[in-house]
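Enquirer: After the structure tokens below, expect a handful of questions from me.
The values are calculated or read from the model by the stated rules, or taken from the named source; none is laboratory data. Quick caveat: nothing in here was measured; it's all calculated off a predicted structure. Note: ideal-geometry Cβ built from the backbone for every residue, glycine included; neighbour counts use all protein chains shown. Ligands, DNA and RNA are stripped out before the accessible areas are found, and what is left, the full protein with its side chains, is counted by its heavy atoms. Shrake-Rupley method; radii C 1.70, N 1.55, O 1.52, S 1.80 Å.
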Amino acid sequence: MHGEDLTAKIEKFILSTGYPFEQRVAHLLREHGWVVFSSVEYIVPPDQQRELDILCYKIINRRRIELRISCKQSSDKHWIFFTEKNRYLKSGSALKFTPVQIENYTTYRTLPEKLKSLLLYQYDRHVTNFTAFSEKKQHEARLVIKDGLLSVINSVYHRIFPAELIYDERGTIYFFITLFNGLMFESYYDPESDNNIVQDIEYTQWKTEYKSNSHFEEILKYDGTYVPYHEVLRNFSERFTVEVMKWSFFERYLNHIETIFTELEEETISIFGKPYEKEFFPNRIIGKPLTR
């Protein structure tokens with residue numbers, strides 16, 4: 001038997017890591033009916049091993065809704081995001097889904113209107129930069145934020161880039177989330193008052209461009225034909241949006257996602273591909289590699 005002192009030290013150490021928070025997040029997701037995978041490992045080409053904290057999915061309206069989540073927490077390092085109002089038209093490709101629509105790009109143009117109540121499209125600000133307020137190691141704290149943002153985007157190499165973009169005709173819709181258990185603030189310039197505004201926030205969006213490291217000329221489509229990889233990427237878009245939110249907001253976010261996609265009519269939900277059912281399961285084309 002180990003002494004109580006050792007047990008107390010181990011408990012203190014565990015609480016200083018992010019693992020208990022990841023377990024809380026996974027528990028909440030399961031309570032809401034999501035299938036959860038923790039510590040998902042994948043390779044970023046050529047040989048960089050990475051890990052995603054949580055990947056989970058739920059079949060909603062016969063399509064697979066998938067959340068890719070990076071979990072971060074801190075009680076003494078407060079996240080600060082510098083934001084601006086969106087000045088450009090909302091892009092349909094901000095919402096990532098597979099199979100990628102190749103023949104009909106106008107499909108993407110209709111999404112911001114068809115899904116205008118979705119927070120991804122509804123939110124009218126974006127992050128231009130970020131930092132962390134900490135009494136010490138401020139640069140290190142900022143790197144934690146950057147890692148939390150990039151790790152969810154890097155996860156596209158787990159079952160998306162490159163072969164899964166058009167290989168499965170069943171619809172999967174992806175959300176990239178950085179979940180923070182701590183305090184979040186927003187800072188922006190207000191021209192009307194000529195002041196810098198600082199306020200608590202629960203949610204914001206960070207947009208960035210992420211170039212594919214995969215070098216293939218063609219990838220296999222579900223109908224057995226090959227399609228130029230660059231054409232698929234053009235429609236999928238290398239612009240990504242990461243939704244950043246506080247832990248206290250996350251359950252409301254889950255309810256929001258489920259409500260939006262449950263209420264979509266068949267005409268709209270069919271944009272995202274065939275139902276996620278056995279009859280549409282992809283059949284490997286014998287003798288044909290997924291990429292070439």
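Enquirer: Given the -39500 (n - 2.57) contribution per DSSP H run of 4+ residues, what per-residue ellipticity at 222 nm results for the chain, rounded to the nearest 500 deg cm²/dmol?
Expert: -8500 deg cm²/dmol
Enquirer: On to the next question. Under 1.5 on a/c is rounded, so check that first for the range 207-292, then, if it is not, pick prolate when a/b is larger than b/c and oblate when it is not; a ≥ b ≥ c are the square roots of the alpha carbon gyration tensor eigenvalues. Write out the running numbers ahead of the final one.
Expert: Working: a/c = 2.62, a/b = 1.44, b/c = 1.81.
Oblate.
Enquirer: If the reach is capped at under 18 angstrom between alpha carbons, list the lysines near Lys146, excluding any in the same chain fewer than eight residues apart.
Expert: Lys72, Lys77, Lys136, Lys137, Lys207, Lys211, Lys246
Enquirer: Still on this structure, please answer the following. Any idea how far apart Arg125 and Arg159 come out in nm if each label point goes 7 Å out from Cα toward Cβ?
Expert: 3.5
Enquirer: At 0.36 nm per residue, minus the direct Cα-Cα distance, what do Ser16 and Ile59 gain on full extension? Give it in nm, one decimal, please. Show your work: numbers first, answer last.
Expert: Details: separation 43, 0.36 × 43 = 15.48 nm, distance 3.46 nm.
12.0 nm is the gain from fully extending Ser16 to Ile59.
Enquirer: Whenever you get a sec, compute what percent of the accessible area on the range 26-130 sits on carbon and sulfur atoms (1.4 Å probe).
Expert: Exposed carbon and sulfur together represent 48 percent of the surface.
Enquirer: Moving to a separate point now. DSSP loop (so not H, G, I, E, B), at most 11 other Cβ within 10 Å: list which chymotrypsin sites (Phe, Trp or Tyr not before Pro) in the range 57-96 pass both filters.
Expert: Tyr88
Enquirer: Accessible area of Asp200, 1.4 Å probe, to the nearest 10 Å²?
Expert: Roughly 100 Å² of Asp200 is accessible to a 1.4 Å probe.
Enquirer: Using DSSP loop states and a limit of at most 14 other Cβ atoms within 10 Å to flag GluC sites (Glu not before Pro), what is the longest stretch of the chain containing no flagged site? Please report the intermediate quantities before stating the final value.
Expert: Values: sites that count: Glu103, Glu135, Glu192, Glu217, Glu238, Glu263, Glu265, Glu277.
Value returned for the longest uninterrupted segment is 1-102.
Enquirer: Write out the trypsin sites (Lys or Arg not before Pro) in the range 49-112 meeting two conditions: DSSP loop, and at most 10 other Cβ atoms within 10 Å of their Cβ.
Expert: Arg87
Enquirer: Among (i) 1.03; (ii) 0.99; (iii) 0.96, find the value of Rg/Rh (Cα atoms, Kirkwood Rh) that was calculated from the structure presented, and write down its label.
Expert: The calculated read-out lines up with (ii).
Enquirer: So, one more: Let me cross-check Asp124: its accessible surface, 1.4 Å probe, with only protein heavy atoms counted, in Å² to the nearest 10?
Expert: 70
Enquirer: DSSP beta bridges in the range 161-292, what fraction antiparallel, as a percent rounded to 5?
Expert: 75
Enquirer: Another one. Would you work out if the range 151-284 is rounded, prolate or oblate? Take a ≥ b ≥ c from the square roots of the eigenvalues of the alpha-carbon gyration tensor; rounded if a/c is under 1.5, else prolate when a/b is larger than b/c, oblate otherwise.
Expert: Taking the square roots of the gyration eigenvalues as a ≥ b ≥ c, the range 151-284 is prolate.
Enquirer: Report the relative contact order of the chain, percent, no decimals, based on alpha-carbon pairs under 8 angstrom and at least 6 residues apart.
Expert: Here the relative contact order equals 23 percent.
Enquirer: Contour minus end-to-end for Thr225 and His27, with contour as 0.36 nm per residue of separation and end-to-end as the Cα-Cα distance?
Expert: Stretched fully, the Thr225-His27 segment lengthens by 67.1 nm.
Enquirer: In the chain, what percentage of the DSSP-assigned beta bridges are antiparallel, given to the nearest 5?
Expert: Once the DSSP bridges in the chain are tallied, antiparallel ones form about 70 percent.
Enquirer: Does the range 100-201 come out rounded, prolate or oblate, given a ≥ b ≥ c as the square roots of the eigenvalues of its C-alpha gyration tensor, rounded meaning a/c under 1.5 and, failing that, prolate meaning a/b above b/c?
Expert: oblate
Enquirer: Also, quick follow-up: In the range 209-246, which trypsin sites (Lys or Arg not before Pro) are in a loop and have at most 11 other Cβ atoms within 10 Å, using DSSP for the loop call?
Expert: Lys211
Enquirer: In addition: How far apart, in nanometres, would the label points at His215 and Thr262 be if each is projected 7 angstrom from Cα along the Cα-to-Cβ direction?
Expert: Roughly 4.9 nm, to one decimal.
Enquirer: Could you work out how far apart the two model spin labels at Tyr188 and Lys146 are, taking each label as a point 7 Å from the Cα in the direction of the beta carbon, and quote it in nm?
Expert: If labels sit at Tyr188 and Lys146, their model points lie 2.5 nm apart.
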